[in-house]
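Remarks on the structure that follows.
The values are calculated or read from the model by the stated rules, or taken from the named source; none is laboratory data. These numbers were taken from a predicted model, which means no experiment stands behind them. A quick note on method: Cβ atoms are made from the backbone with ideal geometry, for glycine too, and the neighbour counts reach across all protein chains shown.
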Number of protein chains: 4
Amino acid sequence: MKKVRMGMVGGGQGAFIGAIHRMAASLDGQIELVCGAFSSDPQRSIDSGAALYLPEERCYANYEDMFTAEALLPVNERMEFVAIVTPNHLHFPIAKAAIERGFHVMSDKPATLNLSEVLTLESILAKHDVLYGLTHTYNGYPLVKQAKHLIKQGELGNIVKIVVEYSQGWLASKSDENSKQASWRLDPKKSGVSCCMGDIGVHAANLAEYVSGIQITHLCADLTSSIIGRALDDDGTVIVKFSNGAKGLLFASQIAVGDENNLKLRIYGDKKSMEWSQLEPNTLLLKSNNEPTQLIRTGVGEMCEAAQQATRTPAGHPEGYLEAFANIYLNFVKQIRAHKNGVDCSNQEFDVPSIEDAIRGMAFIENVVQSNQSNEKWQALSLNTQPMEVK
Amino acid sequence: MKKVRMGMVGGGQGAFIGAIHRMAASLDGQIELVCGAFSSDPQRSIDSGAALYLPEERCYANYEDMFTAEALLPVNERMEFVAIVTPNHLHFPIAKAAIERGFHVMSDKPATLNLSEVLTLESILAKHDVLYGLTHTYNGYPLVKQAKHLIKQGELGNIVKIVVEYSQGWLASKSDENSKQASWRLDPKKSGVSCCMGDIGVHAANLAEYVSGIQITHLCADLTSSIIGRALDDDGTVIVKFSNGAKGLLFASQIAVGDENNLKLRIYGDKKSMEWSQLEPNTLLLKSNNEPTQLIRTGVGEMCEAAQQATRTPAGHPEGYLEAFANIYLNFVKQIRAHKNGVDCSNQEFDVPSIEDAIRGMAFIENVVQSNQSNEKWQALSLNTQPMEVK
Amino acid sequence: MKKVRMGMVGGGQGAFIGAIHRMAASLDGQIELVCGAFSSDPQRSIDSGAALYLPEERCYANYEDMFTAEALLPVNERMEFVAIVTPNHLHFPIAKAAIERGFHVMSDKPATLNLSEVLTLESILAKHDVLYGLTHTYNGYPLVKQAKHLIKQGELGNIVKIVVEYSQGWLASKSDENSKQASWRLDPKKSGVSCCMGDIGVHAANLAEYVSGIQITHLCADLTSSIIGRALDDDGTVIVKFSNGAKGLLFASQIAVGDENNLKLRIYGDKKSMEWSQLEPNTLLLKSNNEPTQLIRTGVGEMCEAAQQATRTPAGHPEGYLEAFANIYLNFVKQIRAHKNGVDCSNQEFDVPSIEDAIRGMAFIENVVQSNQSNEKWQALSLNTQPMEVK
Amino acid sequence: MKKVRMGMVGGGQGAFIGAIHRMAASLDGQIELVCGAFSSDPQRSIDSGAALYLPEERCYANYEDMFTAEALLPVNERMEFVAIVTPNHLHFPIAKAAIERGFHVMSDKPATLNLSEVLTLESILAKHDVLYGLTHTYNGYPLVKQAKHLIKQGELGNIVKIVVEYSQGWLASKSDENSKQASWRLDPKKSGVSCCMGDIGVHAANLAEYVSGIQITHLCADLTSSIIGRALDDDGTVIVKFSNGAKGLLFASQIAVGDENNLKLRIYGDKKSMEWSQLEPNTLLLKSNNEPTQLIRTGVGEMCEAAQQATRTPAGHPEGYLEAFANIYLNFVKQIRAHKNGVDCSNQEFDVPSIEDAIRGMAFIENVVQSNQSNEKWQALSLNTQPMEVK
């Protein structure tokens, strides 16, 4: 048996998320990076690849060349899947090209520039026997999986309320806009109709739905663009209703000075509640009214299968963001191997964020932006919204 | 010089908040409880007073009797102020009677049953030379005062966002309604138009305004009554706008299973932010994007005058809720003494929550309930709302 | 029924611990301060008393005058017990005089200047029908009582290890010695043979024994005097053995820069362990190897009787140091009332630190100092040590 | 340029630390595992290698075969360094063989079975041009490096006290001894003269010296073997003196029920102090007496070069144990590359734990055991102790 072979589009020198994807893919020794189109500048792509110890001939000038060339290589040499780590507006064309060439896709989120694209992507996928995953990283934490498990087992009773928040401060001032990371995120052409909700709000929404097992059906949104001249939102609050009648609250910010990556999830049932924070991801609180709060810790005591498989170190040796990220890749590798063996298996079975998650994410973003523009309080979440015009 | 003499209405045996007021008033040895109408049952009032070592003749059958009798006592024997610790619907008539008899008033919150009553109270106060205070307890914490001070000094820059939350779980189930505390709070006739917002949301709103120095001008509210048959809200979210253009978010709950008295305030400026939680009230976080977070602790280093005066023990000897509560009384005692000395001085000067705070609180409650009933997203906060009909 | 009448020796204007005792005694409205010898300067004593609203005639020039004069007052007017809040060297003569006059005593700790004195005090007490209590304040916290209860119930199994620490930083530099608090504590004539161990180490030792129910039998101590010219220790570590064979570790410091009053207790059994910290006294951790840690919180769920009686506010309204201190007084008041009713009852029954605790404390201090001076590793803890010579 | 080629001895299927080393080595894509002698059982070695996607011919039956065979391969194919991840008693013979064959060595700790062996190893190393590193993992955390930097810069002033602790509970009961991890650690023939001090106490000692820059010179130790029939210690306390006159305290336990990998370091200077805990490794507290505590966070603000290079993700995306471990490897790779380029460079320069650390570690372990056996309080730490007899 051999490692699974990965190609990458984007992630050249100086990029941030590409390096993260590579470390996540490397960690478990299951994946080998074999090729890349790391930059739109061909020389930069070669240089980036060289720094990753790739042979020059597999560092391509662009993704079209890469897919074409790799498809010509022998089956057990060529790239098996591509990791897409570019700005948002390129996710769709790259994913489309990869799928049509028969390569599996692991895409950074949000899935596409808008809802329309992701719906098209879904129909393309329906016609090809390839796998598609999305890096909703936070799902990868062991205790997030344990939380999902406990809820499924009914530990909380009926869910009555969810509060999910994701606050960052890195775009708090005008001068913060100059970084490479900031500039494309604030550019509607590259980022889409939302900055804050598209970049992090969508993570929060996905996390809430993933863990709770219930879905957002209605929302009331208020977005803010805090800095003069900024085309997109950098802060927002969304009151939501869930499919089971529960109420919820999602708020996110990129101008919350002093907040790092403060993603926090609180789910209240009619029996118990739970609380998890990305800043201390190895602790999950399970609370009730008349019993001591239980401090569930990664690796302590019996965990569900999914949490166990997502845990690499003994209790008290903290597992972090890269391990969570690696868990997305690890599950995807298992799914690819199963697929290779002719087993027909869904993302859900392998616990890999799917095209359905991708659609819900894009719908969330667009519906939030629409709600923000409306003076009506409530809006039903539609998965078939017309593409919005970016103003 | 003598201690300041306090009477009490409400707070008989078995009551909760009356005992809290008495401990808060006792702590510093500045106040002497001299009389009370502790219960509407005359014998119970006498028994309650006896347990407090009061002579039988100063344990009255009702507040009217108490005010009448006390007014006949020599000036330096009679009660100087009354603490009102009854359910909400009695606050107004008792306060009115006390003021008209010339007694100062320290009222539990919310000030009255509705906005209309508090506006009437304001006009009564305007005609009498008596002092009026309101126990917005959380203002009494030393670090809340330090937070206010730091913001006033410009430490945060311009405030751009406030998140304030107050979650409790004690009303999470139907069976929780049977307690004495719960039954009147869920009865519109005794509690007013809101349970959750009237009981704790108003504390959160007051705290946010007190610390930040800016005021809520618009709101978009969504309230929930989680249990079938419950006449009033037990959970709610309010998106707000502040007088300086900042956005905000206030959420409160009485059905958040496992939450104790989880009052937390986060204020974000364009330079720095701060975070304070009642559950660990002796720590105030001062955060920025590129400097270490500062962990300000009660009693460590130089504090503002107001915080110093609110601090009784050396750093590391935790000060709690009763001390915060006592600080409200301590400031009120100073105000009463100044008043006695003929100094004309405002609540603001003595840092005692005032009739203006009372009005803003009642307006907040009623406006939130109105917004909840509307399908319009935004509503301007009006201080002159028509009294609402309780449904 | 009337309040219990307290006199005070020490605690004049500018003093620290006297004010703490008064607030603790006031909080519950069970005790009335009726007289005091607040200062060795008669005018200062009167002024201090006046600020406490005491009549001039009950502000005495010294404790001898006070005991004499109070003893002449009618039984139901005169002081019933005296709170001794002076520097250590005065504890013994004042307690002796009070006891011999028939007044109950609540003494600040450590009980006396040395072990010899406290043994004498014990024999004096044996001859008089008066009560004696000692303010080992930290015993007063609700969760300390709950911890003791859980251990007694066998929750931890057999205790195998105890780690107790108490770190402060306030004497870290030479210039810190100038304060009133520091100067007498560092003066062997007023403080005794130890500064750090006498002031706070003894609290740690008492807390460990109180909660665990086992006693220190052997110790190996290393003390340090960090600043040149300092006559007494300001830091120390003591390895200990307990009566049941468990090992332990006690360390304390007054030069631990940045530490406030960092008293922390960890008790390990062969089944479970627990952890409590004074800095966050409303949380008690109950830990085991394969179950989630339980976060026991003041007021949440069912507590033992002693913890319940020590709790004043609902869960989530933090109780602090003054409340813990007040619990010592509250139990002493109950003991005094029982005594008045002719019930013969021990400190242990009323959960008030006793003369036996006082003796163990003084023995701990002296044995630690002796062990420090020895090159032998282990020393048995003797309760009959010869009085040490202060060097 | 190519990846650096690693071989491994030990770490076959079912082993724990081998997998950790492999993930740490993989993370950054700088190291390629090319061969291994994973088990003393040849078939198991091959199976283990196959699961790691290694060709059968490079899965060796034992380390001698591996070193012999690899040495015969072309220079740019053969293993460059070996990771030794066996039980302690095999560290020395494997390291010796590797060094004598010219392979660099990365050894798990403790370096050898006893001090004598490590001194021999030092003399062997002196005769060969190979590099030697030791996985004192905790040195790899970004904030540990920042702490070291701040101290070197004088931020704390003169160090006066160090408290370092490392508590685990996994050996708390007799039945815990049956695991593979436990059985060899409790066997003096495989583990050496100490279990607790050899396994984790030595980490604590190394961390304290690494961060503070001062060295242990004297110690007073008390070790315990808590379970009947256990040949080695499972708990211990060591009072220490440091080279600059500072006092210190090191305690470690494997029977501290409910503790995970509770490694915590507190260093007190005469100006400031710092506190770091492995359980939350992305926070470093910098404390002083009169200023707010500074909460230094991984990736926030300006960090020293070493900390920056040890940080992979943006602030608020927690970095954990594997990342710390990977940092040891990453620095070793840099050192190997420099060595390959003919640059003569020390471990210290590349921040890789060295043979000197190895010697100090073994000396610490043996001296602690000797001190424990002595009734003298203090013992000077000797780096030339006679090998101890295991009883």
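I'm checking my understanding of the structure. Among residues of region B:48-58 that are within 14 Å of another protein chain (Cβ to nearest Cβ), in contact with a strand residue (DSSP E or B) (Cβ under 8 Å, 6 or more places away or on another chain) and touching a residue at least 24 places away in the same chain (Cβ under 8 Å), which one is farthest from B:Glu32 (Cα to Cα)? Full working, then the answer.
Initially, region B:48-58 is screened for residues within 14 Å of another protein chain (Cβ to nearest Cβ), giving B:48-56.
Narrowing further to those that are in contact with a strand residue (DSSP E or B) (Cβ under 8 Å, 6 or more places away or on another chain): B:48-50, B:52, B:54.
Next, from what is left, pick out any that are touching a residue at least 24 places away in the same chain (Cβ under 8 Å): B:48, B:52.
Working: B:Ser48: 16, B:Leu52: 11 Å.
Per the criteria, the residue is B:Ser48.
Identify the single condition in (1) closer than 30 Å to A:Lys272 by Cβ; (2) touching a strand residue (DSSP E or B) at 6+ places or on another chain (Cβ under 7 Å); (3) facing chain C (nearest Cβ under 9 Å); (4) among the small types (Gly, Ala, Ser) that B:Gly316 does not satisfy, given that it satisfies every other one.
Result: B:Gly316 passes all but (1).
With the structure loaded, tell me whether A:Ser40 is within 14 Å of chain D (Cβ to nearest Cβ), more than 21 Å from the chain's Cα centre (by Cα) and not in a strand (DSSP E or B) or whether it fails that test.
Values: within 14 Å of chain D (Cβ to nearest Cβ): no; more than 21 Å from the chain's Cα centre (by Cα): yes; not in a strand (DSSP E or B): yes.
No; evaluated as a whole, the condition is false for this residue.
Within region A:228-257, restricting attention to residues that are touching a Leu at 6+ places or on another chain (Cβ under 7 Å) and among the small types (Gly, Ala, Ser), which residue is surrounded by the most Cβ atoms within 10 Å (Cβ to Cβ)?
Checking each candidate, the answer is A:Gly236.
For region B:286-313, which positions are aliphatic (A, V, I, L, M) and within 14 Å of chain A (Cβ to nearest Cβ)? Walk me through how you get there before you give the answer.
Initially, region B:286-313 is screened for residues aliphatic (A, V, I, L, M), giving B:286, B:295-296, B:300, B:303, B:306-307, B:310.
Within region B:286-313, B:Leu286, B:Leu295, B:Ile296 meet the criteria.
Conditions (1) closer than 24 Å to A:Ala24 by Cβ; (2) buried (at least 24 other Cβ atoms within 10 Å of the Cβ); (3) without any contact (Cβ under 8 Å) to a residue 60 or more places away in the chain, marked per residue:
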| position | (1), (2), (3) |
| --- | --- |
| A:Glu302 | no, no, yes |
| A:Glu305 | yes, no, yes |
| A:Cys345 | yes, no, yes |
| A:Ser354 | yes, no, no |
| A:Gly361 | yes, yes, no |
| A:Asn367 | no, yes, no |
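Is one or more of the residues making up region A:205-218 under 30 Å from D:Val300 (Cα atoms) and within 12 Å of another protein chain (Cβ to nearest Cβ)?
Scanning region A:205-218, I find no residue that is under 30 Å from D:Val300 (Cα atoms) and within 12 Å of another protein chain (Cβ to nearest Cβ), so the answer is no.
Filter region D:95-108 for residues that are surrounded by fewer than 24 Cβ atoms within 10 Å (Cβ to Cβ), of a type in the set (A, V, I, L, M, F, W, C) and in a helix (DSSP H, G or I) and give the result.
Within region D:95-108, D:Ala97, D:Ile99 qualify.
Which residues, counting only those in region B:273-286, are closer than 19 Å to B:Ala246 by Cα and either over 28 Å from the mean Cα position of the chain (by Cα) or polar (S, T, N, Q) (or both)?
Passing the criteria: only B:Ser273.
Tell me, yes or no, whether region B:148-168 has at least one residue that is aliphatic (A, V, I, L, M), more than 19 Å from the chain's Cα centre (by Cα) and more than 30 Å from B:Cys304 (Cα to Cα).
No, there is no match, as no residue in region B:148-168 is aliphatic (A, V, I, L, M), more than 19 Å from the chain's Cα centre (by Cα) and more than 30 Å from B:Cys304 (Cα to Cα).
Cβ-Cβ below 6 Å, separation at least six or inter-chain, first residue in region D:105-116 and over 21 Å from D:Met79 (Cβ atoms) and touching a residue at least 60 places away in the same chain (Cβ under 8 Å), second charged (D, E, K, R) and assigned to a helix (DSSP H, G or I): which pairs?
D:Leu115/D:Glu366
Output the residues belonging to region D:287-296 that are crowded, with 21+ Cβ neighbours inside 10 Å and either at pLDDT below 95 or under 25 Å from the mean Cα position of the chain (by Cα) (or both).
D:Ile296
Considering only residues of region C:24-37 that are at the interface with chain B (Cβ under 8 Å from one of its Cβ atoms) and surrounded by fewer than 21 Cβ atoms within 10 Å (Cβ to Cβ), which is nearest to the chain's Cα centre (by Cα)? Quick ask: steps written out before the conclusion?
Here is the first cut: in region C:24-37, the ones at the interface with chain B (Cβ under 8 Å from one of its Cβ atoms) are C:26-29, C:33.
After this cut, where a residue has to be surrounded by fewer than 21 Cβ atoms within 10 Å (Cβ to Cβ) as well, the list is C:28-29.
Numbers: C:Asp28: 20, C:Gly29: 22 Å.
Across region C:24-37, the extreme among qualifying residues is C:Asp28.
Specify the residue that is nearest to C:Ile162 (Cα to Cα); the eligible residues are those in region D:250-261 that are among the aliphatic types (A, V, I, L, M) and within 14 Å of chain A (Cβ to nearest Cβ).
Among those residues, the one meeting the criterion is D:Ala256.
Only one of C:Leu134, C:Leu207, C:Leu150 is of a type outside the set (Lys, Arg) and farther than 30 Å from D:Ser225 by Cα. Can you tell me which?
Details: C:Leu207 fails: farther than 30 Å from D:Ser225 by Cα; C:Leu150 fails: farther than 30 Å from D:Ser225 by Cα.
After ruling out the rest, the residue left standing is C:Leu134.
I'm trying to understand the selection: among the residues of region D:262-276, which are within 14 Å of chain A (Cβ to nearest Cβ) and crowded, with 22+ Cβ neighbours inside 10 Å?
From region D:262-276, those within 14 Å of chain A (Cβ to nearest Cβ) are D:262-264, D:276; that's our starting set.
Across region D:262-276, the qualifying residues are D:Leu263, D:Trp276.
Check B:Ala61, B:Ala50, B:Ala83, B:Ala111 and return the single one that is surrounded by fewer than 22 Cβ atoms within 10 Å (Cβ to Cβ), not assigned by TED's automatic domain parsing to the domain that holds B:Leu186 and not in a helix (DSSP H, G or I).
On the way: B:Ala50 fails: not in a helix (DSSP H, G or I); B:Ala83 fails: surrounded by fewer than 22 Cβ atoms within 10 Å (Cβ to Cβ); B:Ala111 fails: surrounded by fewer than 22 Cβ atoms within 10 Å (Cβ to Cβ).
From the options B:Ala61, B:Ala50, B:Ala83, B:Ala111, the qualifying one is B:Ala61.
Determine whether region B:321-333 contains at least one residue that is surrounded by fewer than 22 Cβ atoms within 10 Å (Cβ to Cβ), among the polar types (S, T, N, Q) and out of contact with any Ser or Thr (no Cβ under 8 Å at 6 or more places or on another chain).
Checking region B:321-333: not a single residue is surrounded by fewer than 22 Cβ atoms within 10 Å (Cβ to Cβ), among the polar types (S, T, N, Q) and out of contact with any Ser or Thr (no Cβ under 8 Å at 6 or more places or on another chain).
Of all the residues that make up region C:294-325, how many are closer than 30 Å to C:Asp129 by Cα and either in contact with a Gly (Cβ under 7 Å, 6 or more places away or on another chain) or in the same structural domain as C:His128 (by TED's automatic domain parsing) (or both)?
Going through region C:294-325 one residue at a time, the tally reaches 4.
Is there a residue in region A:236-249 that is at pLDDT 95 or above, within 14 Å of chain D (Cβ to nearest Cβ), touching a helix residue (DSSP H, G or I) at 6+ places or on another chain (Cβ under 9 Å) and outside any strand (DSSP E or B)?
Step one: filter region A:236-249 for residues at pLDDT 95 or above, giving A:236-249.
Those still in the list that are within 14 Å of chain D (Cβ to nearest Cβ) too: none.
No, the conditions are met nowhere in region A:236-249.
In region D:15-37, what count of residues is obtained for those that are part of a loop (DSSP other than H, G, I, E, B), at pLDDT 95 or above and farther than 20 Å from D:Glu77 by Cβ? Explain how you work it out, then say what you get.
Residues of region D:15-37 part of a loop (DSSP other than H, G, I, E, B): D:15-16, D:27-30.
Okay, now just the ones that are also at pLDDT 95 or above, so D:27-30.
Imposing the further condition that a residue be farther than 20 Å from D:Glu77 by Cβ reduces the set to D:27-28.
Looking only at that region, the number is 2.
Applying the selection to region B:64-80, what residues are touching a residue at least 60 places away in the same chain (Cβ under 8 Å) and surrounded by fewer than 16 Cβ atoms within 10 Å (Cβ to Cβ)?
Within region B:64-80, B:Asn76, B:Glu77 qualify.
Consider D:Leu279 carefully, then state whether it is under 18 Å from B:Gly301 (Cα atoms), within 12 Å of chain A (Cβ to nearest Cβ) and either in contact with a Cys (Cβ under 7 Å, 6 or more places away or on another chain) or surrounded by fewer than 22 Cβ atoms within 10 Å (Cβ to Cβ) (or both). So that I can check it myself, show each step before the final result.
Numbers: under 18 Å from B:Gly301 (Cα atoms): no; within 12 Å of chain A (Cβ to nearest Cβ): yes; either in contact with a Cys (Cβ under 7 Å, 6 or more places away or on another chain) or surrounded by fewer than 22 Cβ atoms within 10 Å (Cβ to Cβ) (or both): yes.
Spelling it out, it is not the case that D:Leu279 is under 18 Å from B:Gly301 (Cα atoms), within 12 Å of chain A (Cβ to nearest Cβ) and either in contact with a Cys (Cβ under 7 Å, 6 or more places away or on another chain) or surrounded by fewer than 22 Cβ atoms within 10 Å (Cβ to Cβ) (or both).
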